[in-house]
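Report on the following structure.
The values are calculated or read from the model by the stated rules, or taken from the named source; none is laboratory data. Just so it is clear, the structure is predicted and the values come from calculations on it, not from any experiment. Cβ placement follows ideal geometry from the backbone for every residue including glycine, while neighbour counts extend to all protein chains displayed. Quick note on the areas: whole protein, heavy atoms, side chains included, nothing else; ligands and nucleic acids left out. Shrake-Rupley method; radii C 1.70, N 1.55, O 1.52, S 1.80 Å.
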Amino acid sequence: MLAYIVRRLLATIPIIIIVAILIFAMLRLTPGDPATIIAGDDASAVQLENIRSSMGLDKPISIQLLVWCSQLLQGDLGVSLISGNPVTAMIHDRIGPTIALSLLTIVLTLTVAIPLGISAAWNQGRFLDRWIMGGSVVGFSVPTFVISYVLIYIFSIKLGWFPVQGYRPLTDGFSSFILRLILPACALSAVYVALIARITRSSIIEVMNEDFIRTARAKGALERNVFLRHALRNAAVPIVTIVGIAIGSLLSGVVVTESVFNLPGLGRLVVEAVLARDYPVIQGLILLFSLLFILINLVVDLLYTVFDPRIRY
């Protein structure tokens, strides 16, 4: 197992290198100039050239790539072209709200989605099953920003139960901290609840038709025990897979959610960096998201061995 983990971690190195080169190339080839944003519309050609020279943007792309790669090898993500702050420091300052929102979303998603999927499978073809699956279609179809604005209108503006926007750190008190995260977490988890509930239901129903389930029933096992002890565990592998995919895709979902709810996290930082054409910040964030996604996939692969003893690495 340890050798497998080491191999997987070593395999991430060429993947990260390829991702880094692609990010660098795409950002440099897309239209837009950070010097123009910094100098303003009334800047002269000389001023723009001086700004590009000070930021190193006047050098050939190959030289810029070599400089950036050498910085990466030293653990340096570079310096923001706009603020002049180190990218690592900017990520450190913004990562707290994103971690808090992501953890609450994951807990809320798993707490709601898996029981819903199990209930739908247990009541297959009945009213509860149809109601849950119908709700999952709605949750999967409606965009996150629409759900966000609906939740704000109902629970913040009409009922006044939650703040409309903003963020408070945990040090300011748990109540003010959690009240500002509940609505964003609910909006962000809606699509994942729908997806995981559907996969959970279909996986359990598929397992319930297997031969070993019929054998357990023939031996006189209670239907509840067959469902809980045999069906659920054998249906866990596809459920774990989709949960891992959902957690990985949270990284893209926080961009919209944090923008709607004005949370000062990495999602907002991505939007600000893209609008300002702040190359080092964008590159650093995408690399961070890519690395997290790779690590999540590794954890999912390791969890397979927990639920299915036949899988060995």
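Kindly establish whether Arg233 is of a type in the set (Lys, Arg) and either at pLDDT below 75 or over 30 Å from Leu29 (Cα atoms) (or both). Judged against the criteria, Arg233 is a match. Tell me yes or no: at least one residue of segment 270-291 is of a type in the set (S, T, N, Q), on the phi < 0 side of the Ramachandran plot and open to solvent by 70 Å² or more (accessible area, probe 1.4 Å). So far as segment 270-291 goes, no, none of its residues is of a type in the set (S, T, N, Q), on the phi < 0 side of the Ramachandran plot and open to solvent by 70 Å² or more (accessible area, probe 1.4 Å). Can you name the residue in segment 237-261 that is in contact with a Ser or Thr (Cβ under 6 Å, 6 or more places away or on another chain) and under 13 Å from Leu292 (Cβ atoms) and is also modelled with the lowest pLDDT among such residues? Going through the qualifying residues, I end up with Leu250.
Give the residue, chosen from Ile157, Ile196, that is surrounded by 13 or more Cβ atoms within 10 Å (Cβ to Cβ) and either under 15 Å from Leu108 (Cβ atoms) or out of contact with any Pro (no Cβ under 9 Å at 6 or more places or on another chain) (or both). Exactly one residue qualifies, and that residue is Ile196. Applying the criterion of being modelled with pLDDT under 70 and closer than 16 Å to Ile114 by Cα to the residues of segment 216-229, the residue that is least open to solvent (accessible area, probe 1.4 Å) is Leu228. Within segment 136-154, the set of residues being open to solvent by 60 Å² or more (accessible area, probe 1.4 Å), touching a helix residue (DSSP H, G or I) at 6+ places or on another chain (Cβ under 9 Å) and farther than 13 Å from Leu188 by Cβ comprises Val137, Val138, Phe140, Ser141, Tyr149, Val150. Whether any residue in segment 71-81 is over 30 Å from Val243 (Cβ atoms), touching a Lys or Arg at 6+ places or on another chain (Cβ under 9 Å), open to solvent by 50 Å² or more (accessible area, probe 1.4 Å) and hydrophobic (A, V, I, L, M, F, W, C) is what I want to check. No, because not a single residue in segment 71-81 is over 30 Å from Val243 (Cβ atoms), touching a Lys or Arg at 6+ places or on another chain (Cβ under 9 Å), open to solvent by 50 Å² or more (accessible area, probe 1.4 Å) and hydrophobic (A, V, I, L, M, F, W, C). The numbered conditions (1) surrounded by fewer than 21 Cβ atoms within 10 Å (Cβ to Cβ); (2) under 18 Å from Val138 (Cα atoms) are all true for Arg201 except (1). All told, Ile99 meets the bar of being within 17 Å of Ser259 (Cα to Cα) and either exposed (fewer than 13 other Cβ atoms within 10 Å of the Cβ) or of a type in the set (Val, Ile, Thr) (or both).
Would it be correct to say that Asp129 is over 23 Å from the mean Cα position of the chain (by Cα), open to solvent by less than 50 Å² (accessible area, probe 1.4 Å) and among the acidic types (Asp, Glu)? Criteria met by Asp129. With respect to being among the aliphatic types (A, V, I, L, M), modelled with pLDDT of 80 or more and at negative phi, Ile213 falls outside the description. Taking Ile106 as the residue in question, decide whether it is surrounded by fewer than 16 Cβ atoms within 10 Å (Cβ to Cβ), out of contact with any Cys (no Cβ under 7 Å at 6 or more places or on another chain) and modelled with pLDDT of 85 or more. Criteria not met by Ile106.
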